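Structure, as C-alpha cells:
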Amino acid sequence: MSGMLIGWRQNMSRISGRISLHFLSLQRGRASYSQVTMKTPFESTARLHTDIGLAPVQFLVAGLSALLWTGLCALAALGASAAHAQTADLPGLQTQVETLLKQQALPQGNSSDAAMQKKAWRVEVTLGQLDPRLKLAPCDKVKTYMPEGVQMWGKTRVGLRCEQGPVRWNVFWPVTVKVWGQALVAAVPLRPGNPIEAGDLRVAEVDLAEKTSPAVMRVTDLLGRSVIRGIEPGQAIHHDDVKARRWFLAGDPVRLTVRGAGFQIAAEGTALSPGDEGQCARIRTDNGRVVCGHPVGDRQVELSL
C-alpha cells in the first residue's frame, strides 16, 4: 500500500495538502511552534523536518524509523538483562571448586602420618578466570571433578559439569593450588660436592606444591649427600636437588622384598643394573625371572604388587 501512495501523484498531493494545513500559520509567520497544536503522533520529528523543508511523507517515514529504532534498542536492553539473569551462579561455582581442592589436596587415608599432615598443612587456592565469552546457562546440579591425569597441586584445572539443567555444559576452571607445610630448607649456602651435615639444615614452612619433586622432610634423607646445584639459605630442598644414593652396583647380590595385599615375600636375587635411589633397578631372581624394583637401602630392593 505504501508503494501505491508514493507513486500516485494525486494521492500524494491530497496528503500533503491535509498535513500542511497544520503549518499554514507558521508559513505565513503568524504563530510560533508553541501556538500550534500538532495532529500527528510524530510531533518532534515533524517540526524538525518542516524546518529543513522536507516533504510531509518524508518526515512521516523518518518518524516511523525513529520509533522502530527506539523499539529495537529497548528490546536489545531487555535481551541483555535476560541473558545476564540467565547465567550460572559463578560465586557458587567458585565455592565448589575451592571446597573440592581443599579436601583432595590434603593427604588421604586414615594413617597417623596422613592425619598429622592434614593437621599441619594448609591449602591456598587461587582461582583463575574463565573465558569471558562463556555464558553458562543456569544449572540445578553442578558436579566438580579433577580431570583424569591432571595434577592436584600447582597450576592445574578443575572440571565443572552441569548434570541437571536446561542446557548441559562442561568447562575447565584454571586454578593454582599452594600447599603450605613444614619441610627442610638450607640454613647455610649449599654447594655441589660438599656433604650435607645436620647443621646445614633447618625446618620452615614452604610451599610443598612449588615443584613436582617432593620437598625433603627428614634429615636422614640428606645427611652425607650433596646437592646437584647451589641452594641458598631459606630455599626448600627437594629430592631432585640432591644426588641420588647408589645402594648397590650391577652384579651385586641383593635381597628382594615383594609386598602385596596382606602378604610379604622375601627372596634373593642379582642386580642387573645399578641401584640408584628413586630409579627402577632390574633384578634377576633365583628362578631366573627378571623384575623391576625400587632400591630402598644397602643392597635392599622392594617390589609392590
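The values are calculated or read from the model by the stated rules, or taken from the named source; none is laboratory data. Because the structure is a prediction, the values reported are computed rather than measured. Glycine also receives a Cβ, built like all others from the backbone with ideal geometry; neighbour counts cover every protein chain displayed.
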Which one of these does residue 213 not meet: (1) touching a helix residue (DSSP H, G or I) at 6+ places or on another chain (Cβ under 6 Å); (2) modelled with pLDDT of 95 or more; (3) among the hydroxyl-bearing types (Ser, Thr, Tyr)? (2)
Within the stretch 264-275, of all residues that are surrounded by fewer than 16 Cβ atoms within 10 Å (Cβ to Cβ) and among the aliphatic types (A, V, I, L, M), the one modelled with the highest pLDDT is 272
Flag for residue 261 being in contact with a strand residue (DSSP E or B) (Cβ under 7 Å, 6 or more places away or on another chain), loosely packed, with under 11 Cβ neighbours inside 10 Å, more than 24 Å from residue 222 (Cα to Cα) and not β-branched (Val, Ile, Thr): no
Regarding the stretch 217-226, can at least one residue be identified that is in contact with a Pro (Cβ under 6 Å, 6 or more places away or on another chain), closer than 30 Å to residue 124 by Cβ and in a helix (DSSP H, G or I)? no
Against the definition (under 22 Å from residue 221 (Cβ atoms), within 45 Å of the chain's Cα centre (by Cα), of a type outside the set (S, T, N, Q) and assigned to a loop (DSSP other than H, G, I, E, B)), how does residue 293 come out, yes or no? no
Which one of these is closer than 30 Å to residue 197 by Cα and crowded, with 16+ Cβ neighbours inside 10 Å: 249, 222? 222
